[in-house]
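Let me begin by presenting the structure, written as structure tokens, before commenting on it.
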Amino acid sequence: MALCADLVIVSEDARIGTPYSRMWGCYLTGMWLYRLGLTKVKELALTGEALSGTKAKEIGLVNEAVPFDRLEQTVRERADQLAQLPTSQLAAMKLIVNQAFDNMGLASTQALGPILDGLMRNTPDAHEFIELAERQGVPAAVKRRDGPFGDYSQAPPGEKPDPKNVIEP
């Protein structure tokens, strides 16, 4: 969902990825492709690799990655900066960029994504994943999915977001 935003600012220690590409899902919006291009998206879609916020910034998936303690301030500063522009100007620039992506097939990609996601949740492999989660719990199913890759739930502590990094409303 975040990739559908106009600008994405994340914490450097964020973990961004699609573990569901390994089991039980499919890209819903296609925004990975539109943000990164075919070569990198194929790699990420086929592996489900987890990216840190820093790496996501390096490859162009997100606009900015900052230390967690500067995240809210950075987002506020960017919002204040954009608020200085006329809304008509922002709307025109957003419309022309979005129209270019629509011309490249964004709408049809976004229509197909949920269909394939629903299909991938109803394959024999997906049913086995769900049954394992029911019998042994979701952590066991996720461990089986992520274990061979050593990421997400199975990543070493230094490759997981700091659990203290929580933004209170």
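The values are calculated or read from the model by the stated rules, or taken from the named source; none is laboratory data. Quick caveat, the model's predicted, so the values are computed rather than measured. Please note: Cβ atoms are built from the backbone with ideal geometry, for glycine as well, and neighbour counts cover all protein chains shown. We work out accessible area using only protein heavy atoms, side chains counted, and drop any ligands, DNA or RNA first. Shrake-Rupley method; radii C 1.70, N 1.55, O 1.52, S 1.80 Å.
Pairing each residue of the stretch 132-159 that is free of Cβ contacts under 8 Å to residues at least 40 places away in the same chain with any residue that is β-branched (Val, Ile, Thr) and open to solvent by less than 40 Å² (accessible area, probe 1.4 Å), provided the two are 6+ apart or on different chains, yields C-beta distances under 9 Å for 133/142; 153/142; 154/142. Residues in the stretch 1-16 that are under 10 Å from the mean Cα position of the chain (by Cα) and among the aliphatic types (A, V, I, L, M): 1, 2, 3, 16. Comparison of 95, 119 shows that the only residue that is modelled with pLDDT of 90 or more and under 12 Å from residue 24 (Cβ atoms) is 119. Within the stretch 4-17, does at least one residue satisfy the condition of being under 29 Å from residue 128 (Cβ atoms), exposed (fewer than 14 other Cβ atoms within 10 Å of the Cβ) and not polar (S, T, N, Q)? For the stretch 4-17, residues under 29 Å from residue 128 (Cβ atoms), exposed (fewer than 14 other Cβ atoms within 10 Å of the Cβ) and not polar (S, T, N, Q): absent. For the stretch 42-60, state whether one or more residues are outside any helix (DSSP H, G or I), surrounded by 18 or more Cβ atoms within 10 Å (Cβ to Cβ) and among the polar types (S, T, N, Q). Yes - at least one qualifying residue is present in the stretch 42-60. Which residue pairs have Cβ atoms closer than 6 Å, lie 6 or more positions apart in sequence or on different chains, and pair a first residue in the stretch 17-43 that is modelled with pLDDT under 85 with a second residue that is part of a loop (DSSP other than H, G, I, E, B) and open to solvent by 40 Å² or more (accessible area, probe 1.4 Å)? Listed pairs, sorted by first residue: 24/121.
Listed here are the helices (runs of 4 or more DSSP H) enclosed by the stretch 74-169 that have at least 3 residues being surrounded by 11 or more Cβ atoms within 10 Å (Cβ to Cβ) and in contact with a Gly (Cβ under 9 Å, 6 or more places away or on another chain): 106-120.
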